[in-house]
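The values are calculated or read from the model by the stated rules, or taken from the named source; none is laboratory data. Small disclaimer: the values here were computed from a predicted structure and weren't measured. We place every Cβ from the backbone using ideal geometry, glycine too, and count neighbours over all the protein chains shown. We work out accessible area using only protein heavy atoms, side chains counted, and drop any ligands, DNA or RNA first. Shrake-Rupley method; radii C 1.70, N 1.55, O 1.52, S 1.80 Å.
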Amino acid sequence: MGEFAGLRRVIATLRGPDGCPWDRVQTHDTLRPYLIEEASEVLEALDHGDPAKLSEELGDLLFQVLIHVQLAEEAGEFTMRDVLGGLSEKLVNRHPHVFGDAVAETSEAVIEQWDDLKARERGNRAALEDIPRSLPAVAYAQAIQRRAARAGFAFEAVDRAWEAVEEELEELRRAETAEERREELGDAIFALANLGRELDIDAEEALRSTCRGFIRLFERMEEMVQARGLNLRETAIDEKLTLWEEAKSRSE
């Protein structure tokens, strides 16, 4: 049961004639939401720093990979050998400083070399082609910006990225219609994501971290409100802000 081949046999059995009714009716399309969910749960386990939980969630994510391979093998599309061979070949080809004669002694040099290799692989295809649209919006924005920057389209100084954020926020303030506000808000978030890239900050993780912190503080404030017999909806805004600051001070 602890071997890769054993796991593959378990999945093949689940898909077999006497297997699980749920597993037997799955397709690549029906499994899409589970792949996203399991990847998110891996991120959650990483956030909590729990090795046991991470091991479990990586196993769940691996199941998603393997059942997709099982489906493909049944349909004659590709095999596990194709997946493993393709991955091994890609890793070797994209690390010539390890498996060849190229030299890359820093992580920055590795990234530059990686970009050159991927550009040659793309050939005449557009620089922004193949960026997964299913990425969360902020991560999608930074993926686009990284690819554009590697193609040579980026600010020369971080100060210009700051200015772009300020310009977009000002345009958002001046927006009058709902459509204008929606468009300008998108532009402002895109500019902030680009500033994060310039500052070498993962904007998606930064926002996730802020959301987690907000939840913790809000729950602490709710406990305080309940303990004092207050109704948050009926509490004056000044008192709400005081409660919020008190919740923040208790977390420090």
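Could you give the accessible area per residue of the chain, probe 1.4 Å, as a whole number in Å²? Can you show the working numbers first?
Values: 17610 Å² over 252 residues.
Normalised by residue count, the accessible surface of the chain is 70 Å².
How large is the accessible surface of Phe190 in square angstrom, using a 1.4 angstrom probe and rounding to the nearest 10?
Accessible area of Phe190: about 90 Å².
Projecting each Cα onto the charge dipole of the chain (Lys/Arg +1, Asp/Glu -1 at the beta carbon, about the Cα centre), which of Val25, Leu243, Ala203 comes out farthest on the positive side?
Value: Val25.
Where Rh is the Kirkwood radius over the Cα pairs of the range 111-192, the temperature 20 °C and the viscosity 1.002 mPa s, what D in µm²/s does Stokes-Einstein return? Mind showing how you got there, number by number?
Values: Rh = 14.5 Å.
So the translational diffusion coefficient is about 148 µm²/s.
Counting other Cβ atoms within 10 Å of each Cβ, which chymotrypsin sites (Phe, Trp or Tyr not before Pro) in the range 26-125 have at most 14 and sit in a DSSP loop? Numbers along the way, then the final one.
Details: sites: Tyr34, Phe63, Phe78, Phe99, Trp114; in loops: Phe78.
Here the chymotrypsin sites (Phe, Trp or Tyr not before Pro) that fit, given the DSSP loop and packing criteria, are Phe78.
Using a 1.4 angstrom probe on heavy atoms only, work out the carbon and sulfur share of the accessible area of the range 10-97 in %.
With neighbouring chains kept in place, the figure for the range 10-97 is 60 percent.
Roughly to the nearest percent, how much of the accessible area of the range 166-237 is carbon and sulfur, given a 1.4 Å probe?
Details: 2730 of 5260 Å².
After summing per-atom areas, the C and S share lands at 52 percent.
How many angstrom lie between the Cα centre of the range 33-69 and the Cα centre of the range 191-252?
The distance from the Cα centre of the range 33-69 to that of the range 191-252 comes to 28 Å.
Taking the Cα atoms only, what angle lies between the long axis of helix 32-48 and the longest principal axis of the chain, rounded to 10 degrees?
Approximately 60 degrees, to the nearest 10.
With a cut-off of at most 13 other beta carbons within 10 Å, and DSSP calling the residue loop, which GluC sites (Glu not before Pro) in the range 147-228 qualify? Please list them.
Details: sites: Glu156, Glu163, Glu166, Glu167, Glu168, Glu170, Glu171, Glu176, Glu179, Glu180, Glu183, Glu184, Glu198, Glu204, Glu205, Glu219, Glu222, Glu223; in loops: Glu156, Glu176.
In loop regions of the range 147-228 (DSSP not H, G, I, E or B), the sparsely surrounded GluC sites (Glu not before Pro) are Glu156, Glu176.
I want to verify the translational diffusion coefficient of the range 1-150 in µm²/s; compute it with Stokes-Einstein, Rh as the Kirkwood radius over Cα pairs, at 25 °C and 0.890 mPa s.
Details: Rh = 18.5 Å.
Diffusion coefficient, whole number: 133 µm²/s.
For the chain, find the longest principal axis of its Cα atoms and tell me its angle to the long axis of helix 107-122, 0 to 90°, nearest 10.
Helix 107-122 sits at roughly 60 degrees to that axis.
List the lysines whose Cα lies under 17 Å from the Cα of Lys248, skipping any in the same chain that are fewer than 8 positions away.
Qualifying lysines at Cα under 17 Å: Lys240.
Shape verdict for the range 46-99, please, from the Cα gyration tensor: rounded (a/c under 1.5), prolate (a/b greater than b/c) or oblate. Intermediate results must be reported in sequence, preceding the final value.
Values: a/c = 4.42, a/b = 1.16, b/c = 3.80.
Oblate.
For the chain, taking Cα atoms only, what is the radius of gyration to one decimal and the Dmax to the nearest whole Å?
24.3, 71
Can you list which of the GluC sites (Glu not before Pro) found in the range 60-100 are DSSP loop residues with at most 16 other C-beta atoms within 10 Å? Walk me through the intermediate numbers first.
On the way: sites: Glu73, Glu74, Glu77, Glu89; in loops: Glu77.
Counting only loop positions with at most 16 other Cβ atoms within 10 Å, the GluC sites (Glu not before Pro) in the range 60-100 are Glu77.
Using only the alpha-carbon atoms, how far is helix 237-251 inclined from the longest principal axis of the chain? Give it as 0 to 90 degrees, nearest 10.
Its long axis makes an angle of about 50 degrees.
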